[in-house]
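J.: Take a look at this one; I'll ask things after.
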Amino acid sequence: MTGDTHDSRGTARPARTSPAHALLAALLAPIGAAWALRRAAAYRKSARPLAPAERAALAPCFPASLLDSARVAEVRRINDPAGLALLRRVAGPGVLDLSLVAGLALPGVVVIATDHAPEWSPDAPTPSPSHLALLFHECVHLAQWRALGAVGFARAYVRGFLAAGRSYRDNPLEAQAFDLTARFTRGERPDVWTHIAAYRSVRTRRPCA
Ligand SMILES: [Zn+2]
């Protein structure tokens, strides 16, 4: 399944889905998008811009406007919404428990759970490699949110999850984030926006640099 939905260079392709999966994704997408936008607005109130060292590390890979507008919220743990707990019972463990994750990307906002991101040290003059890898992964999702729009991202995420056999890692949007992050940690500097724009169903303009 993984080989069908993305390649090893970080260019995700839309998931092939059955009509039933497409219908389920279309039904759930507005609910997921509304939740994400609501939570993003709440997190933005206590969020900060990227630190200069973080921004400098990410700058070769992301459009400047995306990094300028990105905000980072730090919390001890992310709340797992009741709706996801219900979905987990129906769809299985591939639906992540958000209270256990280290990071989450919502439209325009990266949320970091300090309980699960122990090397998180925003005041350090040089961010740790693991911190930058987490931030890079979440910023790929910020770019996906921007490219696809809130409802488009939510729909693609649900479709990808279902097409990947309810797998978190093989969801094309996650696979793309993991692939690009692996390249970044190897010292490559992939152009994230180019990879996201190559996602076949995306018709989007490059944001102003
Ligand atoms: Zn991810």
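The values are calculated or read from the model by the stated rules, or taken from the named source; none is laboratory data. As the structure is a prediction and not an experimental result, all values here were calculated from the model. Using ideal geometry, Cβ is built from the backbone for each residue, glycine included, and neighbour counts are taken over all protein chains shown.
J.: Just give me the residues in the range 171-209 being modelled with pLDDT under 90 and of a type in the set (D, E, K, R), in sequence order.
T.: The answer is ARG200, ARG203, ARG205, ARG206.
J.: Looking at ARG76, is it surrounded by fewer than 16 Cβ atoms within 10 Å (Cβ to Cβ) and in contact with an Asp or Glu (Cβ under 7 Å, 6 or more places away or on another chain)?
T.: Spelling it out, ARG76 is indeed surrounded by fewer than 16 Cβ atoms within 10 Å (Cβ to Cβ) and in contact with an Asp or Glu (Cβ under 7 Å, 6 or more places away or on another chain).
J.: Please verify whether the range 22-29 includes one or more residues that are in contact with a Lys or Arg (Cβ under 8 Å, 6 or more places away or on another chain) and within 16 Å of the ligand (Cβ to nearest atom).
T.: So far as the range 22-29 goes, no, none of its residues is in contact with a Lys or Arg (Cβ under 8 Å, 6 or more places away or on another chain) and within 16 Å of the ligand (Cβ to nearest atom).
J.: Quick one: in the range 153-192, which of the residues that are farther than 16 Å from ALA25 by Cβ and among the hydrophobic types (A, V, I, L, M, F, W, C) is nearest to the ligand (Cβ to nearest atom)?
T.: Within the range 153-192, the match that is nearest to the ligand (Cβ to nearest atom) is ALA177.
J.: Related question: Take the residues in the range 67-105 that are in contact (Cβ under 8 Å) with a residue 60 or more places away in the chain and aliphatic (A, V, I, L, M), then tell me which one is nearest to THR185 (Cα to Cα).
T.: Let us first name the residues in the range 67-105 that are in contact (Cβ under 8 Å) with a residue 60 or more places away in the chain, namely 67, 70, 72, 91-92, 94-96.
Filter once more, so that each one left must be aliphatic (A, V, I, L, M): 67, 70, 72, 91, 95-96.
Values: LEU67: 19, ALA70: 21, VAL72: 20, ALA91: 32, VAL95: 26, LEU96: 24 Å.
In this case the residue turns out to be LEU67.
J.: Still on this structure: Enumerate the pairs (first residue in the range 50-66 and touching a residue at least 12 places away in the same chain (Cβ under 8 Å); second residue anywhere and among the hydrophobic types (A, V, I, L, M, F, W, C) and loosely packed, with under 13 Cβ neighbours inside 10 Å) with beta-carbon separation below 6 Å, excluding pairs fewer than 6 apart on the same chain, so at least 6 apart or on different chains.
T.: Close Cβ pairs (under 6 Å, with a partner that is among the hydrophobic types (A, V, I, L, M, F, W, C) and loosely packed, with under 13 Cβ neighbours inside 10 Å) amount to PRO63/ALA209; ALA64/ALA209; SER65/CYS208.
J.: Evaluate the following for GLN144: is it closer than 23 Å to ARG44 by Cβ, within 15 Å of the ligand (Cβ to nearest atom) and touching a residue at least 24 places away in the same chain (Cβ under 8 Å)?
T.: Here the answer is yes, as GLN144 does meet what is asked.
J.: Moving on to the next point. Could you please let me know if VAL111 is under 17 Å from ALA29 (Cβ atoms) and crowded, with 22+ Cβ neighbours inside 10 Å?
T.: no
J.: For SER46, work out the one condition from (1) touching a helix residue (DSSP H, G or I) at 6+ places or on another chain (Cβ under 8 Å); (2) surrounded by fewer than 16 Cβ atoms within 10 Å (Cβ to Cβ) it doesn't fulfil.
T.: Only one criterion in (1) touching a helix residue (DSSP H, G or I) at 6+ places or on another chain (Cβ under 8 Å); (2) surrounded by fewer than 16 Cβ atoms within 10 Å (Cβ to Cβ) is unmet by SER46, namely (1).
J.: Within the range 146-198, take every residue that is charged (D, E, K, R) and buried (at least 20 other Cβ atoms within 10 Å of the Cβ) and give me the one that is nearest to SER130 (Cα to Cα).
T.: Filtering first and then ranking leaves ASP179.
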